[in-house]
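For reference, the structure discussed in these notes is given below.
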Amino acid sequence: MKKILLMLSITTSLLLSTSVTRAETVYLTSLAWQPYAGAELASQGASVAVAKAAFEAMGHKLVVEFFPWSRAVSLATNDEKYQGYFPEYFYESDEFLFSNPMGVGPLGFVENSSKPISWSSMDDLKNYSIGVVQDYVNTEELDAMIANGSIKSQSVVSDAQNVLKVSAGRIDMAVIDSNVLDYLLKNDPKLSPAVGKVKMNDKLLVDKELFVAFKNTPNGNRWKDVFNEGLTKIDIDAIMAQHM
């Protein structure tokens, strides 16, 4: 009996030792996109909290490093340290493999409260100037019409800039996630001139699913599979709601 107990003890110790040695740290890039991601936020934001929980459920640690969006994508593409970036909307890519959905964000337009715009199709927006953020993916139809010149657009480097431009009447509307707009108006003192002057347009573009974009490499694919399995072990909606 003692021998059996000793063997069980040794086996357990070996299993625990193996588990510890297999634990790894994965690095991803992100941007300041509150309330989904931000170095200063609790748990670094709602999407980061989900990602960390998913990796933790699989016995691994996630480290997120924050950069301006274009640089975050560039580093995820070219720097071996990083296995990908997030949160991202899905798009066709040869460079990245997309995870299973890790949450949802309501995408629409911020408009001037004194000049609400009614529209039902993209064609209705051809006479308006639309603000977008450089290198952000919006919707396939909108991005295509902007690319071919059917819809007039102006590009900036942040959502906050677009909100200020809308409030000042320099553009008619700008693409934005409604949770991001709510956060900015409540927390960014630079947007105080826009408070009470802007609101979300009544019609949403879409509820956009959020993803991690992993490198299209064997290692990136491995981490994608680990992450996807981790997502099945956590309550994504509860974690998102806790950090909104």
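FYI, it's all coordinate maths here, none of it is from the lab. Note that the coordinates shown come from a computational prediction; the quantities given were computed from them, not determined experimentally. Reconstructed Cβ throughout: ideal geometry from the backbone, glycine too, with neighbour counts over all protein chains shown.
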Under-5 Å amide H pairs with Ser129, H placed in peptide plane, nonlocal only: Asp172, Met173
task: For a quick protection proxy, order the peptides 233-240, 86-93 by their average other-Cβ count within 10 Å, most packed first.
output: 86-93, 233-240
query: Residues with amide H under 5 Å of Gly84's amide H, sequence separation 5 or more or different chain, H placed in the peptide plane at 1.01 Å from N; which?
result: Thr29, Lys215
statement: region 105-206: relative contact order from alpha carbon pairs under 8 Å, six or more residues apart, as a whole percent, is 47
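Going highest first, how would you order 173-185, 71-83, 43-55 by mean Cβ packing within 10 Å?
43-55, 173-185, 71-83
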query: How many percent of the alpha carbon pairs in region 105-206 exceed a separation of 21 Å?
result: 24
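With a ≥ b ≥ c taken as the square roots of the eigenvalues of the C-alpha gyration tensor of region 106-160, please select rounded if a/c is under 1.5 and otherwise prolate if a/b is larger than b/c or oblate if it is not?
Numbers: a/c = 1.58, a/b = 1.09, b/c = 1.45.
Oblate, since a/c reaches 1.5 and b/c is not below a/b.
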- request: Could you go through region 170-180 in sequence order and give the Karplus-derived ³J(HN,Hα) for each residue, using 6.51 cos²θ - 1.76 cosθ + 1.60 with θ = phi - 60°, rounded to whole Hz, and x for Gly and Pro?
  value: 7, 9, 7, 8, 9, 6, 7, 7, 5, 5, 5
query: Which of Pro106, Pro193, Pro218 moves the most in a Gaussian network model of the chain with Cα springs under 10 Å?
result: Pro218
query: Under a plain spin-label model, where a point goes 7 Å from the Cα along Cα-to-Cβ, how far apart in nm are Asn78 and Ser118?
result: 4.9
message: Give me the percent relative contact order of the chain, please, defined on Cα pairs under 8 angstrom at least 6 residues apart.
response: 30
query: So what's the back-of-envelope 222 nm ellipticity for the chain, counting only DSSP H runs of four-plus at -39500 (n - 2.57) apiece and dividing by all residues, rounded to 500?
result: -11500 deg cm²/dmol
message: Explain nothing, just compute: Karplus ³J(HN,Hα) = 6.51 cos²θ - 1.76 cosθ + 1.60, θ = phi - 60°, for every residue of region 96-101 in order, whole Hz, x for Gly and Pro.
response: 10, 10, 9, 5, 5, x
- line: Projected area averaged over all directions for the convex hull of the alpha carbon atoms of the chain, nm², comes out at 15.5
query: Once you charge only the Cβ atoms, +1 for Lys and Arg and -1 for Asp and Glu, what is the size of the charge dipole of region 105-206 about its Cα centre, to the nearest 20 debye?
result: 500
query: In the structure shown, do any of Lys126/Lys208; Lys115/Lys197; Lys165/Lys190; Lys81/Lys208; Lys81/Lys215 have a Cα-Cα gap over 20 Å, and if so which?
result: Lys126/Lys208; Lys81/Lys208
- prompt: Please state the relative contact order of region 166-244 as a whole percent: Cα pairs under 8 Å, 6+ residues apart?
  reply: 22
